[in-house]
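Chemist: First, the structure itself, so that you have it in front of you.
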Amino acid sequence: MEFAEDLLSALREAERVVVFTGAGVSAESGIPTFRDALTGLWEQYKAEELATEEAFLREPDLVWGWYEWRRLRVMRANPNPAHRAIVALARRIPKMTLVTQNVDDLHERAGSADVIHVHGSLFHPRCHACGQPFALGDEPPVEAEGARWLAPPRCRQCGGPVRPGVVWFGELLPEDQWDRATEATENCSLFLCVGTSSLVYPAAQLPHTAAYRQATVVQVNPHPTALDKVVRHNVVGLAGEAMPQLLAAAWPED
Ligand code: BV8
Ligand code: ZN
């Protein structure tokens, strides 16, 4: 792949970079993106409908089963070259902040530290009633194997139903994560969006904030997105291919 020289020099000279990832960075690990049609039991639903508190209260077994099935697939997946390139980039940039919309742990398993999860995580459920964190076992939830309905576990503290530790539509983002993501965005010189359709707010506001603050906004995505008119550099390609090549082009001596 060819990269513009001013993109490569902006990357080399950047003191503070924000990398903002969406489901596209995990696609080559075999994790369907959020916009991919749901399959199996859930194919008649849209993700936006299931990822809500209302759906959980109405059909707890359907929603908990969906999240456990997704968690099982993540546990069986591996980080891909895009995740690893982001780890390598962090070693090159004096201050790099990784903000992800993803609820998987592939960035962490690739070696990224201090990942900001603005939409929560599949791996930190809590009691829906009292908020008590619920410790999941280290074993994959094999009862989710057949992608079936699963009754959520009960809170050991109060007996309430355990809910996934993700941010549902209509819910506020975790304040500390959001504040850290916003602060990094407002002070970066380069903002790199990897694999997001940039449709879900307020997270999707971050690249616009970066552009407003005159940061160089870069996108890596094989398809057009809502950000196309905002980015200064649009790298059209798969993250697992483009990201390693971008680093090799910026730091060829590696
Ligand atoms: C809130 C966790 C306020 C759950 C998620 C109307 C207009 C504007 C906004 C709204 C509206 N109506 C409602 C809203 C607000 C709503 C919203 O934005 N809705 C959208 C649908 C319009 N937002 C909210 O509700 C948020 N909360 O606003 O609260 C409030 C105020 C007061 C009081 C109370 C509340 C909360 C939003 C968080 C929702 N939770 N995830 C779960 O995972 O189940 S969002 C979920 O979808 C993901 O986390 C992700 O963030 C988001 C978008 O998905 P992407 O990651 O972008 O993935 P997607 O599939 O969309 O795209 C993949 C991209 O990858 C594509 O571009 C594709 O081309 C690319 N790709 C594919 N393969 C590759 C690739 N790229 C690179 N390499 C590849 N190989
Ligand atoms: Zn409880």
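Each value in this text was obtained by applying a stated rule to the coordinates, not by laboratory testing. Predicted model, so just to flag it, every value in this text is computed and none were measured. In this analysis, Cβ positions are derived from the backbone assuming ideal geometry, glycine residues included, and neighbour counts consider all displayed protein chains.
Chemist: Just to confirm the number: angle between the C-alpha axis of helix 239-250 and the first principal axis of the chain, 0 to 90 degrees, nearest 10?
Modeler: Relative to the chain, helix 239-250 is tipped by roughly 30 degrees.
Chemist: Could you sort the peptides 45-57, 130-142, 179-191 by per-residue average Cβ neighbour count (10 Å cutoff), highest mean leading?
Modeler: On the way: 45-57: 16.0, 130-142: 12.2, 179-191: 19.5.
Final packing ranking: 179-191, 45-57, 130-142.
Chemist: Something else now. Show me the three semi-axes of the equivalent ellipsoid for the chain, from the C-alpha gyration tensor (sqrt of 5 times each eigenvalue), largest first, rounded to whole Å. Don't jump to the answer; show the numbers that get you there.
Modeler: Working: eigenvalues 226, 66, 55 Å².
So the equivalent ellipsoid measures 34, 18, 17 Å along its semi-axes.
Chemist: Testing the spin-label approximation: label points 7 Å from Cα along Cα→Cβ at residue 149 and residue 2. State their distance in nm.
Modeler: About 5.7 nm, to one decimal.
Chemist: Which shape class applies to the range 161-254: rounded if a/c is under 1.5, otherwise prolate when a/b exceeds b/c and oblate if not, where a ≥ b ≥ c are the square roots of the Cα gyration tensor eigenvalues?
Modeler: Taking the square roots of the gyration eigenvalues as a ≥ b ≥ c, the range 161-254 is prolate.
Chemist: Given a cut-off of under 8 Å on Cα pairs at least six residues apart, what relative contact order in percent is computed for the range 73-140?
Modeler: Working: 69 pairs, mean separation 18.7, N = 68.
Reported as a whole number, the value is 27 percent.
Chemist: Dipole magnitude of the chain about its Cα centre, charges +1 at Lys/Arg Cβ and -1 at Asp/Glu Cβ only, in debye to the nearest 20?
Modeler: Numbers: 23 positive and 33 negative charges, 39 e Å.
My answer is approximately 180 debye.
Chemist: Where does helix 60-76 land angle-wise versus the long Cα axis of the chain, in degrees 0 to 90, nearest 10?
Modeler: The answer is roughly 50 degrees.
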